[in-house]
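Novice: Before I ask anything, here is the structure I am working with.
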Amino acid sequence: MTDLLKLGVLISGSGSNLQSIIDQIEKGTLPAQIKIVVSNNPEAFGLTRAKKHGIPCAVLNHQDYLSREDFDRELIHVLQNAGVDLIVLAGFMRILTQSFLRAFESKIINIHPALLPAFPGTHVQQKAVDYGVKFSGCTVHFVDEGVDTGPIIIQSVVPVCLDDSAETLAARILEEEHKIYPQAIRYFAEGRIIKNGRRVEIKNMKNPDHTAMHNPPLDR
Ligand code: GRF
């Protein structure tokens, strides 16, 4: 049991990404252990999911803290006490301070529902639909001091169709999130991540598929 990667998962809402991580751990396909789930939102459904699986939870309501620094100090404390190796932001809707980033240098990852660097920030599925892009997707990346700017670990691409709404696109993207987030965590658990500045290399990777995708499809 000693070589399991110890995770701290931070959530604010539904926690479907948390669920996909729990499911893969329970199936035995992800050699990790969730030491703690932390939510800044006491109502987050993700807390119910975690408790159902016997995972320790902490609620740090940001409204109870005078400043971001105070909130992050407590968050650092909770995560260090839990002895986590990797911080997994899974729909965590708070910007982290420099102190937090420094405390867990190169150990914080996030999932974003767009193909970064396109559409950082919030409401990105609506922005992708409004812009008229033909592909969007999701990105797992290291967290740095910018908003969704850290080095990219893995991405998944989905088509955007003319009849898509933000909701239908979000659902298509979310399905992919549930595949690539556990995969990214597995890379860490297996010690396969090499970060070279902005470029992230995965050791012992399958040969990449060089096939191009087209949307709409080519006539011939
Ligand atoms: C996901 O779309 C994630 O990419 C974004 O927030 C959403 C969280 O969903 N950061 P859930 O709470 O994991 O269901």
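Novice: For the range 24-30, take each phi angle, set θ = phi - 60°, evaluate the Karplus expression 6.51 cos²θ - 1.76 cosθ + 1.60, and give the result in whole Hz per residue in order, putting x for glycine and proline.
Specialist: 5, 5, 5, 6, x, 9, 9
Novice: Using the Karplus equation 6.51 cos²θ - 1.76 cosθ + 1.60 (θ = phi - 60°), what ³J(HN,Hα) coupling, rounded to whole Hz, does each residue of the range 37-43 give in order, writing x for Gly and Pro?
Specialist: Each residue of the range 37-43 in turn: 10, 10, 10, 8, 10, x, 8 Hz.
Novice: Over 23 Å between Cα atoms, which of 52/107; 107/195; 127/203 qualify?
Specialist: 52/107; 127/203
Novice: Going by accessible area, probe 1.4 Å, with all protein chains left in place, what is the ranking of 47, 218, largest first?
Specialist: 218, 47
Novice: Pick out, from 160, 125, 114, the residue whose Cα sits farthest towards the positive end of the charge dipole of the range 100-177, with +1 on the Cβ of Lys and Arg and -1 on the Cβ of Asp and Glu.
Specialist: The Cα lying farthest towards the positive end belongs to 114.
Novice: How much FRET efficiency would the formula 1/(1 + (r/R0)^6) give for residue 122 and residue 65, where r is the Cβ-Cβ distance and R0 is 22 Å, rounded to 0.05?
Specialist: Calculated value: 0.55.
Novice: In the chain, how does Rg compare with the Kirkwood Rh, expressed as the Rg/Rh ratio over alpha carbon atoms?
Specialist: 0.97
Novice: Taking Cα atoms, how many degrees apart are the long axis of helix 166-189 and the longest axis of the chain, rounded to 10 and kept between 0 and 90?
Specialist: Relative to the chain, helix 166-189 is tipped by roughly 60 degrees.
Novice: Ok, one more. Can you work out the accessible area per residue across the range 1-76, with the rest of the protein chains kept in place, probe 1.4 Å, in square angstrom?
Specialist: With the other protein chains kept in place, the range 1-76 gives 50 Å² per residue.
Novice: So what's the back-of-envelope 222 nm ellipticity for the chain, counting only DSSP H runs of four-plus at -39500 (n - 2.57) apiece and dividing by all residues, rounded to 500?
Specialist: -10500 deg cm²/dmol, from helical runs alone.
Novice: What percent antiparallel are the DSSP beta bridges of the chain, to the nearest 5?
Specialist: 45
Novice: Could you tell me the relative contact order of the range 1-92? Use alpha-carbon pairs under 8 Å, at least six residues apart, and round to a whole percent.
Specialist: Relative contact order comes out at 42 percent.
Novice: Could you compute the net charge surrounding residue 191? Neighbours are other residues with a C-beta less than 12 Å from the C-beta of residue 191; K and R count +1, D and E count -1.
Specialist: Computed value for this residue: 0.
Novice: Averaging sequence separations of C-alpha pairs under 8 Å and six or more residues apart, then dividing by the length of the range 14-55, give the relative contact order as a whole percent.
Specialist: 51
Novice: While we're looking at this one, here's another question. Taking the Cα centre of the range 1-64 as origin, work out the dipole magnitude from +1 charges on Lys and Arg Cβ and -1 charges on Asp and Glu Cβ, in debye rounded to 20.
Specialist: In total the dipole reaches around 120 debye.
Novice: Which residues make up the longest stretch of the chain that has no GluC sites (Glu not before Pro) in a DSSP loop with at most 12 other Cβ atoms within 10 Å?
Specialist: 146-220
Novice: Would you mind counting up the charge near residue 20? Only other residues with Cβ under 13 Å from its Cβ, with Lys and Arg at +1 and Asp and Glu at -1.
Specialist: Net of charged neighbours comes to -1.
Novice: Further question on the same structure: Need the C-alpha centroid separation for the range 134-173 versus the range 71-103, integer Å.
Specialist: 23
Novice: What's the magnitude of the charge dipole for the chain around its Cα centre, counting Lys and Arg as +1 and Asp and Glu as -1 at the beta-carbon? Answer in Debye, nearest 20.
Specialist: 560
The values are calculated or read from the model by the stated rules, or taken from the named source; none is laboratory data. From a predicted model like this one, the values you see are computed outputs, not experimental measurements. Don't worry about glycine lacking a Cβ; one is built from the backbone with ideal geometry, like all the others, and counts go over all protein chains shown. Areas reflect the complete protein model, heavy atoms only, side chains present, ligands, DNA and RNA absent. Shrake-Rupley method; radii C 1.70, N 1.55, O 1.52, S 1.80 Å.
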